[in-house]
Amino acid sequence: MVRTEGRTSSDDLSRGTNQTGVRLYNERLVLSLIRRHGSLPKADIARRTGLSPQTISTIANALEADGLITRLDPLRGKVGQPLVPYALNPRGAFFLGLKVGRRSSDVVLMDFAGTVLGRIHEPHPYPTPQVMLALARRGIEELPGALSVVERDRVAGFGIASPFELWNWAAQLGAPVDVLEAWREANIRADIAAISPWPVYFHNDGTAACAAELVLGNGQHGEDFLYVFLGSFIGGGAVLNGHLFPGRTGYGGAIGPLPVPTADGGFEQILRSASIYVLADKLSAAGVDPAVLWRDPSDWGDLGRPLDDWIAQAARSLAVAVVSAVSIIDFRTIVIDGAFPVSVRRALVHATRIAVTEFDLQGLAPFGVSEGTIGFGAREVGGACLPLLANFTQDREVLFKENG
């Protein structure tokens, strides 16, 4: 049976001095280590955690009994008893995630290893609360149908990844006034919670995408990185000391409002130069249908000069964001990802690295600009990662909650 917990505010957190809190911490620590390394024998887990072999054995037995980890074949060829590595059981838990997007939205079912098992894709001219609630309902009713009866009891939560305050983005969203007002009045988290049999979690879509990179990425970014995701609007998130950092109001690492220079000597928010809607406008001006950007984010085909111009423009703005961020927080890595083909991501990261070299970097510790690893599905996958973070990792916002 999967142990699930609803999200609480920071006021509900204790310091974990009780036995239950310590047990949960240690279980999450073991799960996090196994996730990071792929598989580990108990001896390695004990060495990395500093916990006694007996304690690790007790924890591993409990996690195995819960179906969260599984034993692999023994490692032979060494002196002594063969070591038995443990790995995550992909069928140990399941999560649903919803992305609220500008031109299309998605709801996915994800397993414990991060594999997307099912997806419902909903194109639309603009999102409305009614369409999102209907999409969430379809996800709740249809996607778990691929699971066995026992596995349906292992669904641990429903995560929502959405831009905040959609009503403030009239020009970028392209929605009529009544839709914008509907978003102002809506509480999408509460509405979905009313139809969901599982706890519902909600974060800014950039923060959720960052959660996907943190939980499912290749682990090469270090303990402190800024994550930048270029969707219809640019957004992002921050990871500090290995933990997702949503900030005081949920806008931590949001990136979009960051001021960057314009060609006329003024300033504008980076979202007006490094968002995909800007590329859509360039394509429209060149007589190219921008629908290709939303139809298949993995393959845009040859978009020619408008794409080249947008990459150059976005890279200059991203370089400002990179140097500004590293100047404030000693990030080891700036990670760039987006709702675009891998070839575009690679070209954008390359152009940004070059643009960064044009700045005076004296006084800054060495840092890297790297490609993200999740790709165009990072926001909906990130939504699904929110209940995973809340229930099975060392996320500081959900550890050691009081019971009852």
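The values are calculated or read from the model by the stated rules, or taken from the named source; none is laboratory data. Bear in mind the structure is a predicted one, so any value in this text is a computation, not a measurement. Backbone-built Cβ (ideal geometry, glycine too); neighbour counts: all protein chains shown. Please note that ligands, DNA and RNA were not included when accessible areas were found on the heavy atoms of the full protein model with its side chains. Shrake-Rupley method; radii C 1.70, N 1.55, O 1.52, S 1.80 Å.
Tell me, in nm to one decimal, what length is gained between ASP302 and ALA182 on full extension, where the rule is 0.36 nm per residue of separation less the Cα-Cα distance? Intermediate values should be presented prior to the final figure.
Values: separation 120, 0.36 × 120 = 43.20 nm, distance 3.79 nm.
Result: 39.4 nm gained on full extension.
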Inter-part gap, Cα centre of the range 322-350 to Cα centre of the range 106-143, in whole angstrom, is 28 Å
Residue-normalised value, i.e. accessible area per residue, for the chain at 1.4 Å probe, in Å², stands at 45 Å²
With R₀ set to 60 angstrom, the calculated FRET efficiency between the beta-carbons of ASP153 and GLU358, to the nearest 0.05, is 0.60
Counting only protein heavy atoms with a 1.4 Å probe and every protein chain in place, the carbon and sulfur fraction of the accessible surface of the range 162-248 in whole percent equals 49 percent
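What order, most packed first, do the peptides 63-71, 275-283 have when packing is the mean number of other Cβ atoms within 10 Å of each residue?
Details: 63-71: 17.6, 275-283: 21.6.
In descending order of packing, they fall as 275-283, 63-71.
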Percent relative contact order for the chain, counting Cα pairs under 8 Å at least six residues apart, stands at 20 percent
Residues whose modelled amide H sits under 5 Å from the amide H of TYR201, counting only those 5 or more places away in sequence or on another chain, are PHE158, GLY159, ILE160
With a ≥ b ≥ c from the Cα gyration tensor eigenvalues, square-rooted, and the rule rounded for a/c under 1.5, otherwise prolate when a/b > b/c and oblate otherwise, the chain is prolate
Simple SL model, points at 7 angstrom along Cα→Cβ for THR115 and TRP167; separation in nm is 4.4 nm
The FRET efficiency for SER284 and ARG48, from their Cβ-Cβ distance with R0 = 41 Å and rounded to 0.05, is 0.15
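Write down the percent of antiparallel bridges among all DSSP beta bridges whose residues are both part of the chain, to the nearest 5.
Bridges in the chain that DSSP calls antiparallel: roughly 60 percent.
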In order over the range 168-185: 3J(HN,Hα) from phi, Karplus 6.51/-1.76/1.60, θ = phi - 60°, whole Hz, x for each Gly or Pro, gives 8, 10, 4, 5, 6, 7, x, 9, x, 4, 5, 5, 4, 5, 5, 5, 5, 8
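Rank-order 178-185, 308-315, 104-111 by packing density, defined as the average count of other C-beta atoms within 10 Å over each peptide's residues, highest first. Provide the component values of the computation, followed by the final result.
Numbers: 178-185: 14.6, 308-315: 18.9, 104-111: 23.2.
Result, highest mean first: 104-111, 308-315, 178-185.
What full-extension length gain, to one decimal in nm, is calculated for ASN218 and HIS37 as 0.36 nm per residue of separation minus the Cα-Cα distance? Mind dumping the intermediate values first?
Working: separation 181, 0.36 × 181 = 65.16 nm, distance 0.98 nm.
Roughly 64.2 nm would be gained on extension.
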